[in-house]
Amino acid sequence: SRQPAKTLWYDRPRYVYLEFCVEDSTDVKVVIEDQRLVFSCKNADGAEFYNEINLYARVNSKDSQEKRSDRSITCFMRKWNEKVAWPRITKENIKPAWLSVDFDNWRDWEGDEEVERAMVEQYAEV
């Protein structure tokens with residue numbers, strides 16, 4: 001049976017970030033559409049994870065990507081309307097139990113664009 005992966009998200013001027021916290025993931029599939037993200041994978045024990053998120057606003061699916069590490073899979077999606085803050089990641093105004101704000105990465109946008117650009121470049125290099 002499938003279960004949702006624990007998910008962290010945070011907002012930046014240009015991108016929205018989602019981190020699916022699954023260690024040693026395999027069979028990772030990420031489908032990013034303009035208003036929806038579908039994520040699935042398995043972990044080392046063969047448990048299946050599945051998350052579907054109707055996004056709060058439109059993203060540019062062509063300029064979005066994901067990066068897998070041993071501990072998680074991070075997706076970053078380019079906002080269609082940059083510099084517009086997202087109050088939440090979901091279209092529906094409900095917070096699923098598996099979804100949390102990543103407070104470690106959540107901070108004011110003041111002077112943040114350089115930091116963000118560096119982060120995206122760093123992801124892209126891997």
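A few remarks follow.
- Near-label residues of segment 1-25 by backbone N, under 15 Å of a point 7 Å along Cα→Cβ of R117: 13-15
- Within the straight-line cut-off of under 18 Å between alpha carbons, the lysines reachable from K95 are K6, sequence neighbours fewer than 8 places apart in one chain being disregarded.
- Where GluC sites (Glu not before Pro) fall in DSSP loop in segment 24-99, at most 15 other Cβ within 10 Å: E33, E82, E92
- Each Cα pair under 8 Å and six or more residues apart adds its separation to the average, and for the chain the resulting relative contact order is 29 percent.
- Helix 113-125 axis versus longest C-alpha principal axis of the chain: approximately 40°, rounded to the nearest ten.
- Unsatisfied cross-links (Cα-Cα over 26 Å) in the set K29/K79; K42/K83; K29/K62: K42/K83
- Take the Cα of E33, go 7 Å toward its beta carbon, and the backbone nitrogen atoms of segment 51-68 under 16 Å from that spot belong to 51-62.
- Cα-based shape type of the chain, given that a ≥ b ≥ c are square roots of the gyration tensor eigenvalues and the cut on a/c is 1.5: prolate
Each value in this text was obtained by applying a stated rule to the coordinates, not by laboratory testing. A quick note: this is a predicted structure, and the numbers were derived from the prediction, not measured. Every residue, glycine as well, gets a Cβ built from its backbone with ideal geometry; the counts of neighbours run over all protein chains shown.
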